[in-house]
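Below is one structure, written out as structure tokens; comments come after it.
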Amino acid sequence: MSSTFAGTSESFLRKGRRMLPPVVRGLFWAAIGFFVVNTLVSQALDRTPFAPYVTKVSVTFGWAAATCGWLLGLGAWELVVRPYFGKPVEWEVPNDWRRYFMMSLDHKVVGLQYMVSSVSGFFIAGLAAMLMRLELMNSSLWTFPTPNAYLSTVGIHGTIMMFSFGTVMLVSGFGNYLIPLMIGSNSSAFPRVSAISQWLLPAGIITVALSPILGTWTTGWRGYAPLAEQDPNGIVFYYLGVFAMTLSSLLVSINLTATILFKRAKGLTWNRIPMYAWGILAASLLNIIWIPEIEMTFILALVSNVASLPLFAQIGTPLTYMEVFWLFGHPEVYIVVVPAFALWQEFLPVMGQKTLFGRAWGVLGLVFVMMFSGLVWAHHMFTNMRDDQMLPFSFFTEMISIPTGFAFLTSIGTVWKSKLRLTTPTLLVFMSMFNFLIGGVTGVMLADPVINLQAHDTFFVVGHFHYTIIGAMVFTFMAAAYYWLPKFSGRMYSEFWGKVGAIWVFVAFNCAFGQFLLIGLRGMNRWVPVYPPYLRNMNFEISLFAFLLGLGFLFNLVHIVWMWRYGKPAKANPWNAKTLEWQSTAMPGETNFNPPPEVLTGFYDYSDEQPVWKPESPVEVS
Amino acid sequence: MLDLVLFTIAWIVGSVLLEWLFHALNQYGTYFYTASSQAVDGEHAVAFILTILAPVIAFVVVMLIYNFIRFRARAGDTNLRSRHQFRTNKLFIGVWVLVSIGLNLLFFVHPSASALEQMFNSEQARLNRQDLEVDVVARQWQWFFSYPQYGISSAQDANGNATLYLPVNRNVKFVLRSYDPWHTYDPYIGVIHGFWIPAFGLKQDIIPGETRYMYVHTSKVTSYDVNPMVRVQCTEVCGPGHPYMEAPVHVVSAGDFQTWVKKQLKLQSD
Ligand code: HEM
Ligand SMILES: [Cu+2]
Ligand SMILES: [Cu+2]
């Protein structure tokens, strides 16, 4: 059976010819690419004394070749290269499990692929966090052989969490799957782009996770120069891995932006656009604006590193790296959290069966957070500024809490006097709002320069940003996973175990990270495997709760995976939602809407029973 | 109406409880240990923000709990939808927007701008003519403290470890540089460090190639032995030795400081 998305006519399917499974072919081509180019560079073009087989320079080029081989092998050869030279697209996607192991043009398949890659990243980086917490149970070095090993682990944790999970799960994962459905389209705008970009993500995760092969690196996820230039070669894989992961996000954002702009169903006017689509639009625009900026920075840093230029060293300008990193780095955190805000406003009207309150303010909030986010970067650098230089950044940082507050405004107004069904997603959204409140209050405190100068680079900051990222984004992601599980799998989770899982992570999370805030004020600084003994007891306790949290995430994962297969069959629209994704029963590999829908009213009005859509009547060709 | 009244009562109770909690926290010392006027500025700022925000935090938290309990769908309720369907409430939104703008402007004026002024007051030229100057050099992974006014080139304890002595109730001007005194010819060797004394309540990054200043006003006699927060700690990751970049600090009376200076000079001449 061939998929409707293959875009090939039967006559092109050369039955007799066999192809390696795409993943195997990708690995094979990647290996060839690496060995050919690496050998060429290290043995011929750029031979160094003693001719080591792998050098900084050769590994950079070898990696690039390997990544190209990987993508071509997975399908870019048939989907991009051959069509470019005028050949027809010959890409047959079998309609079974194999479609998940190759490039696919179905946005639902791509969404699931992204979710799996992203969750894998989360657990790999989570394992790193567990090792860090194990080390921190003791005030001297005991888990890791050297401080370098610990610091590499911190960097791997932060990098993979941010670039493969935080900014990816809700945008590339849920976004790819749901946005076309929610706007009544049968595909994304550029299906081949997302097909390719998904496979950059695992490449990036593996690159960063394996970076210690080349040598440890001590900078953490920010890769501050000039320290990075001193580091052994592992830092090269940090740059390259982040490049692959951010490129993946950039491509998805271009695709989703175009999808939202141009692929909306008939009648889906601007003031009917779903909240989640607004969130994705805002986050995508941030990606489109800032990812090229950070990629240029990383390319400069990489060149500076492999070619030994002094760009960011003392005779260059060390501060420049910091500035350009945070110029991207702050918008980055809104890429993480804006989709989560949008999801609160997506789930609460459904769960309370009540009209969304102050919708325009909700949208305004998302858009203004997006716009302000470019004005605040230097609040990460107050320790590099004096006196009144800090004030503008302090000002905008405080002001950003106003549009952020609108997400609370609409959510609270929506549940007031609703008939709230206390399901697992509801519970998780409420927890998420509580956590983000803490994240926001500590954020306002950090925006105050006087407090910032004390709390900067301590565990207070680490607590603050984990409250915003885990507290808001991860909890909302879990809400989304439970909410859409019936959509993805046709099966329902267990309400009881879902709530157990939610309460478990909520308690463990607050007990662990609440203490991060306190221990930071007590003098615990960052990036230290070794610390003064007076902080040991508190660290010990934090670690116990952190392990509990890790197990809690694992528990939820097992529950979801289990229910995906064995849960009770769910109704087509179990929550009685009005949004379009529930009006289609298409599973991956099937067409979403046939005929396409025509939208009649907004999706968030629960005051009447009028249908929100009707099948579009066949167009009269005149 | 009933809901409004009940909620308001719960909100007030919540605010009072939270105010009490924050007050207790401040009594205990939000910063745990403060030994400079700058640290006290920071502590006041935290106290102010928390005091003002307590009712706001209470509003959201009580709202979440109240909604969750009071507006839950009951089992056996056949009609899924709520009777109350409204899209907006001008009064609520108006108050919300105005209050959030007002609070942020307030925080910007105080504590942000005002406390900042206060914290950097010691930098004012007219106030710091009598400053004690301490030259701080950070290298990977060591601190050096020298006192040019006293001719101490590198303050050390009996074991040869760097140590910092400061007189109490004085303005201290730290001159911060990052380079390797033993490899001054190598401009690639310096990295970014962070100069922090937790009990003093502020820090500054030290950037290779730049000379920076940080002022504090010591406010009590104390030392690392009294409280481990009275230490110099590097806060910007600077390689594997980063956690070991710490040095004890002693804040002593003017007399003890003179004695210490003499001892250092003697050590140095030996
Ligand atoms: C299982 C829960 C988690 C635990 C126990 C945990 C713990 C930690 C710890 C102990 C640090 C080191 C702080 C330091 O010394 O600077 C850290 C850093 C960090 N974490 Fe997590 N974390 C968790 C989840 C996450 C998640 C979900 C994200 C983002 C999606 C995240 C992002 C980061 C980042 C960006 C850093 C900074 C790394 C750096 O300094 O380079 N963490 N985390
Ligand atoms: Cu920021
Ligand atoms: Cu350091």
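The values are calculated or read from the model by the stated rules, or taken from the named source; none is laboratory data. Being a predicted model, the structure only gives us computed values, none of them experimental. Every residue, glycine as well, gets a Cβ built from its backbone with ideal geometry; the counts of neighbours run over all protein chains shown. These area figures cover heavy atoms from the full protein model, side chains too; ligands, DNA and RNA do not enter into them. Shrake-Rupley method; radii C 1.70, N 1.55, O 1.52, S 1.80 Å.
How much net charge surrounds A:LEU302 when only other residues with a Cβ under 11 Å from its Cβ are counted (Lys, Arg +1; Asp, Glu -1)?
Once all neighbours under 11 Å are counted, the net charge is -1.
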| remark: Once phi for every residue in region A:537-545 is put through the Karplus expression 6.51 cos²θ - 1.76 cosθ + 1.60 (θ = phi - 60°), the whole-Hz ³J(HN,Hα) values, with Gly and Pro written as x, are 4, 5, 4, 4, 5, 4, 4, 4, 5
| Fraction of alpha-carbon pairs over 20 Å apart in region B:1-106 - percent | 58 percent
| Where q = 0.05, 0.07, 0.09 Å⁻¹, what log10 of I(q)/I(0) comes from the Debye formula for the protein assembly as shown, counting one point per Cα? | -0.30, -0.59, -0.95
| message | Residue by residue through region B:79-94, what is 3J(HN,Hα) from phi via Karplus (6.51 cos²θ - 1.76 cosθ + 1.60, θ = phi - 60°)? Round to whole Hz and write x for glycine and proline. | response | 7, 5, 8, 6, 5, 8, 10, 10, 9, 7, 8, 4, 5, 4, 5, x
| query | Do the alpha carbons of any pairs in A:LYS487/A:LYS571; A:LYS487/A:LYS578; B:LYS220/B:LYS263 sit beyond 19 Å of each other, and which pairs? | reply | B:LYS220/B:LYS263
| Viscosity 1.567 mPa s, 4 °C: Kirkwood-radius Stokes-Einstein D of chain B over Cα pairs, µm²/s | 58 µm²/s
| Mind listing the phi-derived Karplus ³J(HN,Hα) values for region A:259-269, rounded to whole Hz, using 6.51, -1.76 and 1.60 with θ = phi - 60°, and x for any glycine or proline? | 4, 5, 6, 10, 10, 5, 5, 4, x, 8, 6
| request: Within 10 Å, count the other beta carbons around each residue, average over each peptide in A:517-525, A:313-321, and list them highest first. | output: A:517-525, A:313-321
| field | Cβ-defined net charge surrounding A:PHE237, 12 Å radius [Lys, Arg +1; Asp, Glu -1] | value | 0
| said: Under 5 Å between amide hydrogens, which residues at least 5 positions from A:ALA570 or on another chain qualify, with H placed 1.01 Å from N in the peptide plane? | reply: A:ARG491, A:MET492
| note | Surpassing 28 Å at the alpha-carbon level, of the pairs A:LYS263/B:LYS90; A:LYS417/A:LYS568; A:LYS266/A:LYS354; A:LYS499/A:LYS568, are A:LYS263/B:LYS90; A:LYS417/A:LYS568
| task | Pop a pseudo-label 7 angstrom from the Cα along the beta-carbon direction at both A:THR39 and B:SER253 and give the gap in nm to one decimal. | result | 8.0 nm
| note | If one compares the long axis through the Cα atoms of helix B:254-269 with the longest principal axis of the Cα atoms of chain B, the angle in degrees, nearest 10, works out at 50 degrees
| said: Going by Cα centres, region A:543-593 and region A:471-488 are how many Å apart? | reply: 7 Å
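Across the residues of A:452-461, average count of Cβ atoms on other protein chains within 10 Å?
Details: counts 5, 13, 16, 5, 8, 9, 5, 0, 0, 0.
Other-chain Cβ atoms within 10 Å of each residue's Cβ, averaged: 6.
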| request: Determine the sum of side-chain charges near A:SER584: Lys and Arg each +1, Asp and Glu each -1, restricted to other residues whose C-beta is under 12 angstrom from that of A:SER584. | output: 0
| task | Using amide H atoms built 1.01 Å from N in the peptide plane, name the residues 5+ places from B:ILE152, or on other chains, whose amide H lies under 5 Å from its own. | result | B:TYR147
| field | Potential lengthening between A:ARG82 and A:GLU541 on full extension [0.36 nm per residue; Cα-Cα distance subtracted] | value | 159.4 nm
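Given a 1.4 Å probe and heavy atoms of the protein chains only, how would you sort B:TYR215, A:TYR467, largest accessible area at the top? Working shown, then result.
Numbers: B:TYR215 30, A:TYR467 10 Å².
So, going from the largest accessible area down, we get B:TYR215, A:TYR467.
Mind checking the mean number of beta-carbon atoms from other chains within 10 Å of the Cβ atoms in A:407-416? Don't jump to the answer; show the numbers that get you there.
Working: counts 0, 6, 5, 2, 4, 8, 8, 3, 9, 13.
Mean partner-chain Cβ count within 10 Å for A:407-416: 6.
Taking a probe of 1.4 Å, how large is the accessible area per residue of region A:20-103, in Å²?
On the way: 4450 Å² over 84 residues.
That works out to 53 Å² for each residue.
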| request: For peptide A:383-389, compute the average count of partner chain beta-carbon atoms within 10 Å of each residue's beta-carbon. | output: 6
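Please give the per residue accessible area of region A:386-516, computed with a probe of 1.4 Å over protein heavy atoms only, in Å².
Details: 2820 Å² over 131 residues.
For region A:386-516, the solvent-accessible area averages 22 Å² per residue.
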| request: Report the accessible surface area buried between chains B and A, summing both sides, using a 1.4 Å probe on protein heavy atoms only, in Å² rounded to the nearest 100. | output: 8300 Å²
| region B:197-229 to region B:94-149: how many Å between their Cα centroids? | 12 Å
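Within 10 Å, count the other beta carbons around each residue, average over each peptide in A:355-361, A:194-200, B:218-224, B:12-18, and list them highest first.
On the way: A:355-361: 21.9, A:194-200: 26.6, B:218-224: 18.9, B:12-18: 15.6.
Going by the mean number of other Cβ atoms within 10 Å, highest first, we get A:194-200, A:355-361, B:218-224, B:12-18.
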| Using the Kirkwood formula over every pair of different C-alpha atoms, what hydrodynamic radius in Å results for region B:132-269? | 15.1 Å
| message | How far apart, in nanometres, would the label points at B:LEU4 and A:VAL54 be if each is projected 7 angstrom from Cα along the Cα-to-Cβ direction? | response | 6.9 nm
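I'd like the FRET efficiency for A:ASN271 and B:TYR213, computed as 1/(1 + (r/R0)^6) with the beta carbon distance as r and R0 of 56 Å, rounded to 0.05. Don't jump to the answer; show the numbers that get you there.
Numbers: r = 55 Å, r/R0 = 0.98.
Approximately 0.55, to the nearest 0.05.
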